[in-house]
Ligand SMILES: [Zn+2]
């Protein structure tokens, strides 16, 4: 199995798990089936026939999806194991955690895979449709809409009407209508991300695994009026709004240190252009991957960013990471490129120094 196929198998499984998690009722996922069929074929090729009995959905969830990917292949042929262990996505951690016998949460790693699933097989994903519609807007409209989405995970009808009044083109209205949806009954405001938190028994669910880490209970939260409010669709929230918070923070800090900034220049060729007081330009792409190997996999083929016109180019990741050598792992794949991976704190320190030396 080559790396492209291996990745495709994991992407299909991640997309399938994402689809299943979002539905309250049992849902059959073609994507999950597709991924499990690829895994079954791999097991047959490698004479792992005992595994086939465990590749129906419920056994897969329990025995494989809850464990790191590398453990799926323990005891397999050494040559095969050695080959796949070189693929960055082989380092993917568990894809789900089981809440109880009936439901599960996808992990951030699974969610990151879902985002990177670039393939015709996955092109109908809702955030992609919204994103492509946004890209058809003029540069100024694109920035206005994207910023509005990031700042309004949940939004009153009144605010939506006001935004549409200020931007009266049909194209903008279509994007906004496509990005937002009605809020289901019994939804609470998530104190962490600002989207909707819902409960299945005692189990809280939001758009992101970390929202529920502190085990919130309904009594501590604000119940949302479902008539007055709309929310972003799940994929738009997870993949456009959430990463946008880091982008806006970087913009704000850079301006605090006396720099000028442009968000999503050249219609999102990258995230933020920072113009220093001395006139030099730094290009920043903010990246939110939990696992550095997933980011390494995503950036190793990214030639677009290193050709951006700038004096320095940085991938910036949030500092709070379980992986102390996070940036080193990414910089390993960047060593021949004109791009460096740094944390947000390192970026802020560098900007502060520029301000002090001014
Ligand atoms: Zn949340």
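Below is a table of values for the structure above.
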read-out	value
Computed helical MRE - 222 nm, the chain, DSSP H runs ≥ 4 contributing -39500 (n - 2.57), nearest 500	-12500 deg cm²/dmol
Segment 126-238: C-alpha gyration tensor shape, a/c 1.5 cut-off, then a/b vs b/c	prolate
Span from the segment 162-196 Cα centroid across to the segment 1-58 one, whole angstrom	33
Bridge type composition, the chain - antiparallel percent by DSSP, nearest 5	70
Relative contact order (percent, whole number), segment 18-87, Cα cutoff 8 Å, 6+ residue spacing	18
Of all DSSP beta bridges in segment 242-357, antiparallel share, percent nearest 5	45
Rel. contact order, % - alpha carbon contacts under 8 angstrom, at least six apart, segment 227-347	19
Rounded FRET efficiency, nearest 0.05, which uses the C-beta distance separating residue 186 from residue 2 and R0 of 45 Å	0.45
Value of relative contact order over segment 231-281, rounded to a whole percent, pairs C-alpha under 8 Å and six or more apart	25
Cα shape, the chain, gyration tensor, a/c 1.5 rule	oblate
Whole-angstrom gap from segment 290-358 to segment 204-238, using each part's C-alpha centre	31
For 307, 156, order by how many other beta-carbon atoms lie within 10 Å, fewest first	307, 156
Overall form of segment 242-357 per C-alpha gyration tensor (a/c, 1.5; a/b vs b/c)	prolate
Average projected area [Cα convex hull, segment 1-141], square nanometres	9.9
Pair residue 164, residue 136: separation of 7 Å Cα→Cβ label points (nm)	1.8
Modelled FRET efficiency - R0 35 Å, residue 200 with residue 309, Cβ distances, 0.05 increments	0.10
Point-to-point label distance, residue 256-residue 275, nm (Cα→Cβ direction, 7 Å offset)	2.2
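No lab work stands behind these numbers, since they all come straight from the coordinates. Predicted model, so just to flag it, every value in this text is computed and none were measured. All Cβ positions, even for glycine, are placed from backbone atoms using ideal geometry, and neighbour counts span all protein chains on display.
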